[in-house]
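Written below as structure tokens is the structure these notes are about.
Any read-out appearing in this document is the output of simple, stated calculations on the displayed coordinates, not a laboratory observation. The structure presented is a predicted model; accordingly, all values stated were derived computationally and were not measured. Every residue, glycine among them, receives a Cβ derived from its backbone with ideal geometry; neighbour counts consider all protein chains shown.
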Amino acid sequence: MSVAPDAVPDTSVTRVQVVLAARGGRRAALGDAAHALAGDAARRLGADHRVIVLRQLDDDPFPAANPLCRPFDVVVEVQAAHTDDEVLLDALAGDGSLTDRLGAHAHLDLSGVLIGSPQDLIVTEPTPLRYLYFMRRRAGTSRHDYFDHYFHRHSRFGFATPNIAGYTQFHVDPARSQAAASRLGVGSVVCDSVSELHLDSLESFFAGIGDGRLGAEAGADEETFVDRENSVSICTLTEVIPP
């Protein structure tokens, strides 16, 4: 199974992900500060918006697949349908700045912000764990060709992955992300998309992929359009923040 050849990505939902890199020894403190920031954002935005904090697992096995790039420690995610970017960014900025609230715990120059549209190809409610793969284009691949292949053809590997609850492609808009980085005072993460698998447990996930053949096939396909060496993969604990 894959996305229909004539399918068009849904742009009705806006998502912002603030991806944070902790200072040495400040990982737990950053998680707590990001949780407080997310709580304030949730109260400002209300029930029509979703706010989630994603904290990287302590013994995360996935970053070893991309050893050239530093993984992220915490992700604060806000999203809503038919909402302007500024509404979400204002909620995250609050009455101060990310420098004031997170700068003691995060290297904000190594952090960043992504804005775009999530494509929930296998729909699910938030699960205990989420795998995120921050993907960059291969040299010589245009954005049009990248997303055409990613959405219409590479998606078949997400549909074929056993023992997952959901599969999302987050399509990132670089111009909007750059403007958001300037607004929030963080670095700009050059990332074209985020592939996300929503998991109930790592044990069931690894049991499902078994002999690794599906992963090898997906990796071979990625080599045709993804700069895998300069992409980043992490697995996180999921916490939905109530309004």
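Couple of notes before you dig in:
- With Rh defined as the Kirkwood radius, the inverse of the mean 1/r over Cα pairs, the Rg/Rh of the chain is 0.94.
- Computing Rg and the Kirkwood Rh from the Cα coordinates of the stretch 1-99 gives a ratio, Rg/Rh, of 1.05.
- Ranked by the mean number of other Cβ atoms within 10 Å per residue, highest first, peptides 233-239, 182-188, 204-210 order as 233-239, 182-188, 204-210.
- Estimated vicinal HN-Hα couplings, Hz - the stretch 46-54 in sequence order (Karplus 6.51, -1.76, 1.60; Gly, Pro = x): x, 6, 7, 10, 10, 10, 9, 10, 10
- ³J(HN,Hα) computed for each position of the stretch 228-243 - Karplus, 6.51 cos²θ - 1.76 cosθ + 1.60, integer Hz, glycine/proline x: 5, 5, 10, 9, 9, 10, 9, 10, 10, 7, 9, 9, 7, 9, x, x
- The value given for the stretch 88-157 is a Kirkwood hydrodynamic radius of 15.9 Å, derived from the mean inverse Cα-Cα separation.
- Under 14 Å, Cβ to Cβ, from ARG138 - net charge with Lys/Arg +1 and Asp/Glu -1: -4
- Ellipsoid semi-axes for the stretch 99-239, based on the Cα gyration tensor and the rule √(5λ), read 26, 20, 13 Å when sorted largest first.
- Residue-averaged 222 nm ellipticity for the chain, from DSSP H runs of 4+ at -39500 (n - 2.57), nearest 500: -9000 deg cm²/dmol
- If you take the Cα centroid of the stretch 23-61 and the Cα centroid of the stretch 153-204, the two points sit 17 Å apart.
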